[in-house]
Amino acid sequence: MINQLSLTFAFVTLTLCGGLFLPATGENAGADEITRVAPNARPAWIWGTKDRIAGQRVTLSKPFQVRSAVARATMHLAADFTRCSVALNRRPLARLDEYAPWMQWDVTDRLVTGTNQLSLDCTGGDGPAAVATSLEIVYADGSIETVASGEDWKTHHGAAVSLGSVAGEFWNVSDLAKISPFEDYEQWRRASGADAGTDPATFVTQPGFEVDLIRSAKADEGSWVSMALDPQGRITIAREDKGLLRMTLSRDGKRITAVETINDELLECRGLLYAYDALYANANNSKGLYRLRDTDADDQFDQVELLREFPGSVGHGRNDLALGPDGWIYSIHGDSVELATENIDDRTSPLRAARNGQRSEEGHLIRTDRDGSHWERLASGLRNPFGIDFNDDGEAFTYDADNEYDMGAPWYRPTRMVQLVSGGDYGWRRKTNGQWPPYFPDHSDNALPTVDVGKGSPTAVKSGARSSFPAHYRRAVFALDWAYGRILACHLSPRGAGYACRVETFLAGRPLNVTDLDFSPDGDMLVITGGRKTQSALYRIRYVGPSQDADVPTEQQKQRQAYSSRSRSLRRQLAELHQPNRDDLATAWEQLGNPDPLIRNAARIAIEHQERARWRHAALSEPEPEIQATSLLALARAGDRNDHDSVLEGLDALKIDGLTSYGKLSILHAYRLILGDPATTDSVANTTSKQRLLRWLESQPVGTVAPLGSGSSVHEALCRLAADLHLAGVVPPLMELLRVGQSQRDRMNALFMLCHQPSGWSMEDRVLFFEALGELERTAFSGAGMPGRLKQIREHAVERLTEDERDALGALIEPATLDQDTPKQVSRPHVRKWALDELVAALDQLSTPGDEKRGEALFHEVLCASCHRVAGRGGVLGPDLSSLAARFASRDILASIISPSDVIAEKYRSVQIVTTDGKIVSGQVITGGDYRSSNLQLATDPLDPGKVVEIPKQDIQLHRPSKVSPMPEGLLDTLTASEIADLLAFLTGQR
């Protein structure tokens, strides 16, 4: 077994320098997944004073030097209980609320050689306000420097105050759970024909852990899907087809001494739970929750009782079980299980569509007493949450599935860790209806995920509280990724009523199609593999490293823990109001403006459980803006058209600027619910509200974020609403989104909104739209739904063209294809091989400045536009050259063109692949697509982005970063000095 985190820093340096081949399969596979940041790079929590006061203004800043060319710069920021505006070199980067996610940005293109300045303008909230940040700079020579928050930062009145370092498990580990393009979703198939479990010597683990293969399933023991330990410490395992096995471990835990069948009837028990002298089983293919009991004390289950049937199909079905700290039995279901309506108390909002006659397919959480006599639904809006468990704070968590069909689209929902709260609606709906999928976006009346994990295939979750692992793992929740063969450790930091979360890969194997886990009485982790009739095995994971004392809590940790404990108590108090006709309306009402999204959501759900007549007037007359934003959203959700004009008048009167992002998103969603109702289309109030929305949109800056979670932001939600309402004047701001969009998601989002707009276009807008769409059609690599969505975008856009516009646009409106001819470089005579100093001298001798218009023509003629974008136009294989002059001097720009391999930004670096049959292929990996693909796609020709080579992942023997830039050398050698001056004028004129 490989256990080599002590070598990871050398690994990182060698990889960045292109000096190491990384095996894609075999014993070193996945080593890059568990690389950690150096301990000395951990920042401190800082503030202006040791004592924090709500409303306190603090400016924190740090000048730092960038000594040479940068290959990558990544900034991490955690802002607890504070509103925070972030600026880098006086350019706004983000605006965050008190409970914004911990953030990460690539800021490579924002740094300049020489002095830089990072500044945070903060306003403290009710909790213990503090910020922690680090900026990791990777230079072109492979060296790394880190700028981290600490007492050397300045405030407006002196030095910053340190409140202790951020715990190591919370910093820079979230990336380590992301899936590399080289990872093979099909790895699980290798277990299909195997006759034994995978050798644990090939696994990669965190330091100090050891893995043993305890038992491989025999041919007559089936494939295993779940497990539970009985009170005697014996392991009960559910077979995928039918029946239950019971295995007895030896005293030393190294082998199985006995195997017996204890049930041969129940079909595919995905959830097993020992409680109340019984075994509870969620039998998915038997479509019910069963209780098994030994009534005659012969150590066999002679009574099998169906407690409740759950109709529906079995794909995303009846999954795991857990015993809550309240004594209830919790059962989690995927979206194939029908929502029960009879004999069940529903704590979700009565204003949900699923509770008002609309059919809805969504995963959900229910609970029951020991006898199955009383049932409650606690949460809904999930896709396929397989596991459930409670942490030491008594909070329930699951790991929910993504929708792989939407990979690469703006509405793609990655796999996510979810804190399951009373009344929570997490936004998923299976069926698509209308312009946007029903689960997009995650708006303000949805409960937010704890953290987006990324690609994967979730199965079980389990708290590490009963483990014998080091303290930070005992506080973690472990989650299993079946497809990629990983165990994830989800480190939770209390943050108000919820948590901030960092996810790392704890263990990885190939294949290791993990289905369930538990902890033995002595604290070892037991894990089983199986599913889809694959070979199953039982593994034991032990900590054998040096003893580790628990870290002494820092000042920030202690204050955060105390504050969060009070916040959780308040949220649970509000949860008791998630039932009809409770008298304590005032308690919920005063929390409608709470900056903590979980408390605010719980309060709104409590209000919605009451008769509307009890709170309608209060919603319309509430003087506090944050409370009114939430209460008007509740009134809009109630759906009474007689209230529409009154609600719109209330929304229009709210002062937007002072609201939190959550408040702004609340009023935007309230506007959507009412303005989207055809019955109110022609009202005066409707017209006034639309005019206000347009003015708001026109005043919004582009390029900064105000995150709420899962990619949503106020500006994006405002654009989407304005686009859906076809507001006059919406095309220019949407075109600006298209121009500045750096990712496939952002560009597709803008295209999708634009394609429905009937008017307000210029011909320049039309050209840019179809150029960007064609670029996506040629280069997008995504889920199975992408081609259909791009086709839909084009059809909608073409339908709205006039005949004159169709004639003027010509072939541009025809669908682009991967094999479509791309313009080849115009044959130009060789002028000279330019050296940098010679070129600078030649430019200095020119009597006239360069011509920007001629430079733009040259930019396309010599095919710079094949790889680079300027003002939204061009390719995406190379850096966006907009605003180039704001970051680089003319000499630096010329140097990067003449010697492109001297500095290669990491996200544009090519990779060199060696296949098992000895072939060598180089190109840029096309990322962001359907992770289920068994082929890796490479763009091998920078001048022809549509030229793609596919390599089966199972055939990749080695891969390493290339030292050679995909940008060819000699691009200026066919240009005269005057022409180069023109090109430079164009590049530096784009600010």
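Only the coordinates and a few stated rules stand behind these numbers; no lab work does. None of the values given here were measured: they were computed from a predicted structure. We place every Cβ from the backbone using ideal geometry, glycine too, and count neighbours over all the protein chains shown.
Descriptive notes on the structure:
- Each part gets one Cα centre, and for the range 600-678 versus the range 833-859 those centres are 59 Å apart.
- Label of the coordinate-derived value, Rg/Rh (Cα atoms, Kirkwood Rh), listed as (1) 1.03; (2) 1.10; (3) 0.97: (3)
- With Cα atoms defining each centre, the range 338-385 and the range 97-137 are spaced 41 Å apart in the structure.
- Residues Cys269, Cys864 arranged by fewest to most Cβ contacts within 10 Å: Cys864, Cys269
- Between helix 714-724 and the chain: long-axis angle, C-alpha atoms, 0 to 90°, nearest 10: 80
- Label-point gap, in nm, between Asp252 and Ser547 - each point 7 angstrom along Cα→Cβ: 2.3
- Each label point was placed 7 Å from the Cα along the Cα-to-Cβ direction; for Ser565 and Lys431 their separation is 4.8 nm.
- Mean residue ellipticity (222 nm) of the chain, computed from DSSP H runs ≥ 4 via -39,500 (n - 2.57), nearest 500: -7000 deg cm²/dmol
- Under 5 Å between amide hydrogens, built in the peptide plane, is the criterion, and for Val453 it picks out Thr415, Arg416, Met417 among residues at least 5 positions away or on other chains.
- Likely footprinting exposure, Ser827, Ser68, Ser162, fewest C-beta neighbours within 10 Å first: Ser827, Ser68, Ser162
- In sequence order, the range 261-273 has phi-based couplings of 8, 10, 7, 10, 10, 5, 9, 6, 7, 7, x, 10, 8 Hz under the Karplus curve 6.51 cos²θ - 1.76 cosθ + 1.60, θ = phi - 60°, and Gly or Pro positions carry x.
- Taking a straight Cα-Cα cut-off under 26 Å and skipping sequence neighbours fewer than 8 places away in the same chain, the lysines within cross-link reach of Lys853 are Lys824, Lys833.
- Taking a Cβ cut-off of under 11 Å around Ala340, the surrounding Lys, Arg, Asp and Glu residues balance to a net charge of -4, with basic ones at +1 and acidic ones at -1.
- Contour minus Cα-Cα distance for Leu213 and Asp241 (0.36 nm per residue): 7.8 nm
- Helix 763-779 axis, angle to the chain major axis (alpha carbon atoms, nearest 10°): 50
- Every Cα-Cα pair in the range 223-290 was counted, and those over 17 Å apart are 37% of them.
- The range 561-597 versus the range 400-462: alpha-carbon centroid distance in Å: 25
- Counting every other Cβ atom within 10 Å of each residue's Cβ, Thr688, Thr660, Thr974 order from fewest to most as Thr688, Thr974, Thr660.
- Ranking Ile926, Leu839, Pro961 by how far each Cα lies toward the positive end of the dipole of the chain (charges on Cβ) leaves Leu839 at the top.
- Tensor-based shape of the range 238-381 (alpha-carbon gyration tensor, a/c under 1.5 rounded, otherwise prolate or oblate): prolate
- Nearest-ten-degree value, helix 684-699 long axis tilted from longest Cα axis of the chain: 60
- Spin-label model, Thr123/Thr49: points 7 Å from Cα along the beta carbon direction are separated by 1.8 nm.
- Alpha-carbon geometry of the range 39-172: the Rg and the Dmax are 14.2, 45 Å, given in that order.
- Here's the list of lysines a cross-link from Lys218 could span, going by alpha-carbon distance under 25 Å and ignoring same-chain residues fewer than 8 apart: Lys242, Lys254, Lys533.
- A Förster radius of 35 Å combined with the Cβ-Cβ distance from Arg641 to Arg572 puts the calculated FRET efficiency at roughly 0.45.
- Above-threshold pairs, the threshold being 27 Å between Cα atoms, out of Lys178/Lys953; Lys178/Lys963; Lys62/Lys455; Lys655/Lys690: Lys62/Lys455
- Once the Cα-Cα distance is subtracted from the 0.36 nm per residue extended length, the Asp917 to Asp326 segment shows a gain of 206.9 nm.
- Zone of Asp299's modelled label, taken as backbone nitrogen in the range 236-258 under 18 Å from a point 7 Å along Cα→Cβ: 236-237, 244-253, 255-258
- Computed over the range 52-211, relative contact order equals 27 percent, with contacts defined as Cα pairs under 8 Å that lie 6+ residues apart.
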